[in-house]
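The values are calculated or read from the model by the stated rules, or taken from the named source; none is laboratory data. All figures in this text were calculated on a predicted structure; none of them were measured in a lab. No Cβ is skipped: glycine too gets one built from the backbone with ideal geometry, and neighbour counts run over all protein chains shown. All accessible areas refer to the heavy atoms of the entire protein, side chains included, with ligands and DNA or RNA removed. Shrake-Rupley method; radii C 1.70, N 1.55, O 1.52, S 1.80 Å.
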Amino acid sequence: MSAERTFSIIKPDAVAAGQAGQILAMIQEAGFKILAMRMTRLTEAQAREFYGVHSARPFFGGLVKFMTEGPIVVMALERENAIKGLREVMGATNPANAAEGTVRKRFAADIERNCIHGSDAPETAGQELRFFFSGADLL
Ligand code: GDP
């Protein structure tokens, strides 16, 4: 099997709580190579666009507010089976349902403030990587 790329965000809750290093360690221990990474902040417009698929959901306003409340760490990651593999490292969206040893089980407060994002499919991974990184970042 060949290497696959995925996109991840350490969300504002985890950055503010000083958990970014531990989450990064969990990602690296799961065999991911970090192709590109930076700390940044989302504008409201960026958050609305990034989570546009959820714009009709009742939690959309709260999600945009949360994702813009402080710095985030964005990452381009590579591994075999990266998309599925990262979602295993993350755990279920609701930390109450997340498996032991996952990022969300260890660190997340609730279904919204859940510490980490990971792309859910090859198409979205490509879109999300291009949203945050230039081609030169990903050589
Ligand atoms: P993910 O792929 O596991 O991150 O989950 P989704 O793509 O379904 O949702 C995107 C993000 O929206 C989640 O990571 C949460 O931060 C938030 N979210 C999802 N579902 C809910 C919900 O039912 N209530 C609230 N408040 N936030 C949610």
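At-a-glance table
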{"item": "Karplus-derived 3J(HN,Hα), 6.51/-1.76/1.60, for each residue of region 45-52, Hz, glycine and proline x", "result": "4, 5, 5, 5, 6, 4, 9, x"}
{"item": "Fully extended contour minus Cα-Cα distance, from Arg41 to Asn81, at 0.36 nm per residue", "result": "11.6 nm"}
{"item": "Separation of alpha-carbon centers, region 1-30 and region 31-90, rounded to whole Å", "result": "10"}
{"item": "Förster radius 30 Å - calculated FRET efficiency between Ser134 and Ala99, Cβ distance, rounded to 0.05", "result": "0.30"}
{"item": "Accessible carbon and sulfur surface of region 3-134 relative to its total accessible area, %, 1.4 Å", "result": "50"}
{"item": "Residue-normalised accessible area of the chain, expressed per residue, 1.4 Å probe, Å²", "result": "51"}
{"item": "Whole-Hz couplings from phi, Karplus 6.51/-1.76/1.60, listed for region 78-92; x for Gly and Pro", "result": "9, 5, 5, 6, 5, 5, 5, x, 5, 5, 5, 5, 5, x, 4"}
{"item": "Whole-Hz ³J(HN,Hα) from phi, Karplus 6.51 cos²θ - 1.76 cosθ + 1.60, for region 32-44, glycine and proline x", "result": "7, 8, 8, 7, 7, 7, 7, 8, 8, 10, 8, 6, 4"}
{"item": "Length-normalised contact order for region 3-134 - Cα pairs under 8 Å, 6+ apart - percent", "result": "38"}
{"item": "CD proxy at 222 nm, helix term only [per DSSP H run n ≥ 4: -39500 (n - 2.57); per residue of the chain; nearest 500]", "result": "-10500 deg cm²/dmol"}
{"item": "Sequence-distant residues sharing a close amide H with Glu69 (under 5 Å, placed H)", "result": "none"}
{"item": "Rg and Dmax [Cα atoms of the chain; Å; Rg one decimal, Dmax integer]", "result": "14.0, 40"}
{"item": "Computed accessible area, Phe50, all protein chains, 1.4 angstrom probe, square angstrom", "result": "30"}
{"item": "Cα-based Lys pair tally, the chain, threshold under 18 Å, eight or more apart or on separate chains", "result": "4"}
